[in-house]
Amino acid sequence: MKRNPRDIEATHRKLSRRALLLGGAQAAFVGALAMRMRYMQVDQADQFRLLAEENRINIRLIPPTRGELFDRNGVILGQNVPSYRIIIVREDAGDVDKVISDLSRLIELRPEDVERARAEMRRSPPFLPITLADRITWEEISKVAVNAPALPGITPEVGLTRVYPWQGDFAHVIGYVGPVSDYDLSKMEDPEPVLRIPRFQIGKVGLEAKREDILRGKAGAKRVEVNATGRVMRELDRQEGQPGADLQMSVDAKLQHYVQARLGRESAAVVVMDCETGDLRAIASSPSFDPNLFVRGISVADYRGLTEDPYRPLANKTVQGTYPPGSTFKMITAMAALEEGMIEPEETVYCPGFLKVGSRRFHCWKRGGHGHVNLETSLKRSCDVYYYDLALKVGIDRISAMANRFGLGVRHELPMSAVADGLTPTQDWKQRVYGEGWLIGDTANASIGQGFMLASPLQLAVMSARIATGREVAPRLVKSINGIETPLIRGGSLGLNENNLRKMRKAMYAVSNDRRGTAYRSRIIAEGLRMAGKTGTSQVRNITAAERAAGVISNEDLPWERRDHALYVCFAPFEAPKYAVSVVVEHGGGGSRAAAPVARDVLLQALYDGTPPLEAYPKGDRSRIQAQQERLQREDRPTLDTDGNDRA
């Protein structure tokens, strides 16, 4: 059928309009797209270039070098040594089990290390390197390097780790480092990113922990190019971090080693303090432990052995342990009475072996008593009744206040763990803590360093130094930081009557040098080096009336843990005090027998800066001392190689 020309013309007009509309829409879309492309490629080019760069380049932390530790003479105490380790990258290794099996034929792999590495691989990206073996020897790493082509994904590396070459000698002072744990991170409000680096080491206890802020240093950074999966392709540049500060301690490594060797396996503590500066020349707790065991993770068997030892090797007895000071406290009671003008040094008190207070008897250690004694005689022979009598006149509050002036019951700020406050009780203290009133019997007990009275060996050394000098000498452990001397607090006068202090020093001199003195057998006979001291014995059990009537059981017949603690404090030379020493031997029995000989030997070692001549000792002691010196020289300090392994 032939169409009408008019219809054909109308249809063409409709098609032309539609084509124009469609073409216009397409042109508008292409124009908008072109404008958007121009906007992104030209106007926003710098922003998108920056975003692309950030996706391509990562910034990674470089662990800082930890500061090292030295003694006062520059002897290294805590050092960084090369640590060889083997790392594995899971995606490069392919068959991880086969690679580990092949590696175990070359070097010995600890099962716990392998299991730990597998656990880390399971929770880490496949391209992240995981430590498979740490602190291996040079010979072992050489074997791995030679066989590297046959060990895909295995790479030998070298880093730094902490080693303590003096082993147990400074364990309680320096402490140790270890890998950052989840517990460590939980204690920090905003942990630094460097702490999340795998197996990064921080101080756990002791000086390492207390001065972590300056020992750690500041992390560096490096820019690395990574691919789309995040694997490192190359290093672009790096900015080195700031190493930690080196610390020089006040201790003398040679003297500290002697003290530890002299104590042996005894459960004891010794503090040697410079009377002039307050520097701690030795601060030793025994028995000790090897801190190197903790650096890479101590075994369960080794840790159990330390925690189950009744002598408590992990406890720092020098600052953490507090003990009834026993008769070493008698100088404080006497000074309180002298300063209050309640006694004269030559005034006597009669000691029949006890002092009756109300219906109770307070006994002297000497059952038959000492007769009439004055200040010097009472201290020389350690009469208890004399000090019971003084205390009842003076009162506990004045005694405690005097104790505080001499450094007892005061926390001395040192960068060591768990520094104890000690305890110098008062009437208000007992009411506040126990809800009970103070009894006159409490005062009598406190006067001879028993009852509630507690002091640490550090505090007893401070007390001795202050008696020797009359100044408020304060202990110092860190001598310098990066070669810059730390402030030295020489301390001003205690504000006490110098004549009273001279009387006290003279009485302490008699303790060690008078034939009837309790420490006479442990005296120093070298001219110009004579020692002044005071013995102490503190009870750890109650003696019943029945036992006292039948005869007090001797320490030797008691189980070790029920024996008395032995104490001794001293200073020398008497004319110009240089060092003050305190010794506490746990359950050692009498102070004159167990603690005084140790203090005398240590003091002479410090005064002579090495092995003293036999002529400094009484003739009767020389053969025993010579044998002891020879034995200690044979048992010299074992040395460590650069991997921290014992070569002895």
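Laid out as a table, the results:
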read-out: Straight-distance crosslink candidates among aspartates and glutamates, where the alpha carbon sits under 20 Å from residue 218 and sequence neighbours closer than 8 are dropped; value: 68, 184, 189, 190, 192, 208, 237, 240, 246
read-out: Likely footprinting exposure, 434, 388, fewest C-beta neighbours within 10 Å first; value: 434, 388
read-out: Extension gain from residue 224 to residue 562, taking 0.36 nm per residue of separation minus the Cα-Cα distance; value: 115.2 nm
read-out: Lysine pairs meeting the criterion (Cα under 24 Å, 8 or more apart or interchain), as found in segment 297-407; value: 11
read-out: Gain on full stretching of the segment that runs from residue 213 to residue 32 - 0.36 nm per residue minus C-alpha separation; value: 59.2 nm
read-out: Positive-end residue, the chain charge dipole about Cα centroid, Cβ charges, pick of 103, 29, 306; value: 29
read-out: Mean Cα-pair separation over length for the chain, i.e. relative contact order, pairs under 8 Å, 6 or more apart, %; value: 13 percent
read-out: Residue 348 paired with residue 301, simple spin-label distance in nm, labels 7 Å along Cα-to-beta-carbon; value: 6.7 nm
read-out: Cβ charges +1 (Lys, Arg) and -1 (Asp, Glu), total dipole of segment 562-605, debye; value: 120 debye
read-out: Computed lengthening from residue 540 to residue 624, 0.36 nm per intervening residue step minus Cα-Cα distance; value: 27.2 nm
read-out: Amide H within-cut-off set for residue 268, under 5 Å, with H built and near neighbours excluded; value: 286, 586
read-out: Nearest-0.05 FRET efficiency for residue 635 and residue 137, computed from C-beta distance (R0 22 Å); value: 0.20
read-out: At R0 = 60 Å, FRET efficiency that the Cβ-Cβ distance of residue 485 and residue 22 yields, to 0.05; value: 0.10
read-out: Whichever aspartates and glutamates have a C-alpha closer than 13 Å to that of residue 210, once near sequence neighbours (fewer than 8 apart) are set aside; value: 413
read-out: Residues 428, 384 arranged by fewest to most Cβ contacts within 10 Å; value: 428, 384
read-out: Semi-axis lengths, Å, the chain, gyration tensor of Cα atoms, sqrt of 5 times eigenvalues; value: 73, 30, 22
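Where a number appears in this text, it was derived from the coordinates with a stated rule and is not lab data. The structure presented is a predicted model; accordingly, all values stated were derived computationally and were not measured. Methodologically, a virtual Cβ is constructed for each residue, glycine included, from the backbone with ideal geometry; neighbour enumeration extends over all protein chains shown.
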